[in-house]
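Report on the following structure.
Taken together, the values in this text are just the output of simple stated rules run on the coordinates, not laboratory data. These numbers come from a predicted model, not from an experiment. Here the Cβ positions follow ideal geometry from the backbone for every residue, glycine too, while neighbour counts run over all protein chains shown.
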Amino acid sequence: MAEYKDVYVERFYENKGFHALVDLVSPEHHRILDVGCGNGANLYLLSQRGHEVIGLTLSEAEARFVTERGFECINWDMMAELLPFAERSFDALLFSHVLEHLPWPEEVLKRYMKLLRPGGGVYIALPNALHIIQRWQFLCGNFKYTEMGVMDRTHLRFFDFATARQLAESCGFEVVEHFAVGQCPTGPFREISPKLSRRIDEWTSKYWPSLFGVHIVVLGIL
């Protein structure tokens, strides 16, 4: 377990926030804990919408950066048995591309749901391990870990469209939103007509989420 922690202590996830997930957050879910907050991009987006936000990360580098940005951030190992807050302290939990990094995501979700007030929500984003490009890579016999993306070398668990929903339901949440955000390979056509390509992305992700979804989004209510 010490080795598991060492991977993340100075790791820094740079991102611009996941708008599709943040857009789901209800105004009624005012106080939010972003579990595995990365560089704090989602904290910023949520704070701009009037939410009270707190970040949590195992990375010391991320915790320092997020604190310097003016947000409260707890440097904490989410696999720890103890919780860093009192029960029923939050209206919602955000797990944006975090659970796939954990050996037992179900146990973490069940433990952290104790922090939710009645009617609280859990907002989850996971990478789709069966996106069409990844399927092609597997078909070609290519199973190589990378620094980022679906095959990130720190991913311990892999999910598809169906098992992402099952994860939330197995922890006792009622799933009220479940969709994919994705991309249909269109080659050079994407540069020729980016607007139409975006519509194709939306259409294919809606009707074939397990094939064209890059990100899987789940909203569960307690």
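Remarks
- Each Lys or Arg adds one and each Asp or Glu subtracts one; over the other residues with Cβ under 13 Å from the Cβ of P118, this totals -1.
- Sparsely packed loop sites in the range 122-199 (the chymotrypsin sites (Phe, Trp or Tyr not before Pro) outside DSSP H, G, I, E and B with at most 11 other Cβ atoms within 10 Å) comprise F143, Y145.
- Relative contact order [Cα under 8 Å, 6+ residues apart], the range 20-119, whole percent: 29
- Size descriptors for the chain, from the alpha-carbon set: Rg then Dmax equal 17.4, 53 Å.
- Taking amide H positions as modeled 1.01 Å from N, with prolines and chain starts lacking one, the residues under 5 Å from L94 and 5 or more places away or on another chain are L33, D34, V35, Y123.
- Taken one residue at a time, the phi angles of the range 23-30 give Karplus couplings (6.51, -1.76, 1.60, θ = phi - 60°) of 4, 6, 5, 6, x, 6, 8, 7 Hz. Gly and Pro are set to x.
- Cα gyration tensor shape for the range 16-93, rounded if a/c is under 1.5, else prolate or oblate: oblate
- DSSP bridge analysis restricted to the range 2-221 gives an antiparallel fraction near 45%, rounded to the nearest 5.
- Cα shape, the range 97-217, gyration tensor, a/c 1.5 rule: oblate
- Between amide H atoms placed 1.01 Å from N, distances below 5 Å from G120 occur with L222, all of them 5 or more places distant or on a separate chain.
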